Amino acid sequence: MTTPSELGYHMPAEWRRHTATWLSWPKDPETWPDRVPRVQEIFLSMMAALAPNEIVNLLVDDEETETSVRGRCEFTGAANVRFHQIPTIDSWIRDYGPNFIIRDEAAAKEWHAHLALDSRAGRPCHLAYNDWIFNAWGNKYAELKQDDAVPALLESFLQAPRFSPEIVMEGGSIEVNGAGCVLTTEQCLLNQNRNPRLSKSEIEEFLKNYLGVRKVLWLGEGIVGDDTDGHIDDIARFVAPNVIVCAVEDDPEDANYELLQDNLKRLQHLTDADDRPFRIVTLPMPGVVGGTSTDSRNLDRLPASYANFYIANGVVLAPIFGHANDSKALEILGKLFPSRRVVGINCEPLVWGMGTIHCVTQQQPEA
């Protein structure tokens, strides 16, 4: 099978201009015990920040939900919210949704004869997407594996080529700089609950073939409390082709201290696809976020991290948690994104579902 890389496709950096952001409307009380209404308000806040600058594609279960949510979209740009009645189990579209890839004009012309044309316009397709296998983070949640069907269900709407790598992968486990590099973790991609028959080198080949990258950069472990087995989007993010922001814990007694120090040291020795060093910017952590819910679940350490921000057209949506480091994190992100407005959103209710803003968003790049 011809791979996306052979056809000139690559996954662009998140800061590349978007056509749209994809979301799945939250509703599951098992994911957010006692917090679903507050999580829905967080989604409306995200939509309000995004919609003035790009389309917001929102998956809803049925017409009743669409009508209800549409009535709550009382913000500038609400006309840019597009509803799609595609039932989902949960809202983690970063992990189960389409992984969009693009190719530039030169690559499109070069491979014109090798890829199907857009039948409506008779032109090469510049947008495509990968449909990775989603196994609910190592078969942890049987019901949630149903969301693996979503990318295929979107094919008729997207009218774009869909590639099926046929390996387990989640969007939150990979981070690209759009210049030949992908950043990931050993804890997640080498975990025996994902692709136990694949070696590290074989996984690297899949990443190169389907993301259009030349170099795979490996960190160690993710943060404590992360049930995804170490997703990269809670610990280190590209903010420019040569700049990585890295979460660090200042308290040596904190359970995250040693593992985040290890990742920082690794980053300081990594180089880009052309063997040039990166500039590393550190981002604080928000301390311990957790507690006991009224359904008696004791989640004393939730995966709260300021690194789980989302870069969109004109804005950066940043999670905050009511901690003293909130303002410091927003200030750092503001300096890293001077041409975008940094919007802090209280994500304490959202993180009870084991993720925050980046985990529930999926960018569709302009192609």
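Since every read-out is calculated from the coordinates, none of them should be taken as a lab result. Keep in mind it's a predicted model, so treat the numbers as computed, not measured. Quick reminder, even Gly has a Cβ in these numbers, built from the backbone with ideal geometry, and neighbours come from all protein chains shown.
Residues Val176, Val69, arranged from fewest to most other Cβ atoms within 10 angstrom of their Cβ, appear as Val69, Val176. Taking the DSSP bridge list for the stretch 18-365 and keeping only pairs wholly inside it, about 40 percent are antiparallel. The H on the amide N of Asn135, modeled in the peptide plane, is under 5 Å from the matching H of Met169, each at least 5 residues off or on a different chain.
On alpha carbon coordinates alone, what is the Rg over Rh value for the chain, Rh being the Kirkwood radius? So for the chain, dividing Rg by the Kirkwood Rh gives 0.94. Relative contact order, whole percent, for the stretch 18-365 stands at 18, derived from Cα pairs under 8 Å and 6 or more residues apart. For the chain, a crude dipole built from +1 on the beta carbon of Lys and Arg and -1 on the beta carbon of Asp and Glu, taken about the Cα centre, is about 1140 debye to the nearest 20.
The trypsin sites (Lys or Arg not before Pro) of the stretch 174-279 meeting both criteria, a DSSP state outside H, G, I, E and B (loop) and at most 11 other C-beta atoms within 10 angstrom of the site's C-beta, are Arg197. The label point for Glu331 and the one for Ala273, both projected 7 Å from the Cα toward the Cβ, are 3.6 nm apart. One chain, two ends: Thr3 and Arg197. Fully extended at 0.36 nm per residue, the span grows by 67.8 nm beyond their Cα-Cα distance.
Do you know the relative contact order of the stretch 1-78, to the nearest whole percent, from alpha carbon pairs under 8 angstrom that are 6+ apart? Value for the stretch 1-78: 33 percent.
Cross-link check: pairs Lys27/Lys335; Lys215/Lys265; Lys145/Lys215; Lys140/Lys200; Lys140/Lys215; Lys145/Lys208 evaluated at a Cα-Cα cut-off of 24 Å; pairs beyond the cut-off: Lys27/Lys335; Lys145/Lys215; Lys140/Lys215; Lys145/Lys208. Net charge around Cys347, counting only other residues with Cβ within less than 13 Å of its Cβ (Lys, Arg = +1; Asp, Glu = -1)? It works out to a net charge of -2. Cβ crowding within 10 Å, taken as a proxy for footprinting-reagent exposure, orders His323, His269 from fewest neighbours to most as His269, His323. Calculated [222 nm] ellipticity per residue, helices only, for the chain: -6500 deg cm²/dmol; basis is -39500 (n - 2.57) per DSSP H run with n ≥ 4, divided by all residues, nearest 500.
Under 5 Å between amide hydrogens, built in the peptide plane, is the criterion, and for Glu175 it picks out Leu183 among residues at least 5 positions away or on other chains. Counting Lys and Arg as +1 and Asp and Glu as -1 over every other residue whose Cβ lies under 13 Å from the Cβ of Arg82, the net charge comes to -1. Counting charges near Asp147 (Lys, Arg +1; Asp, Glu -1) among other residues having Cβ under 10 Å from its Cβ returns a value of -3.
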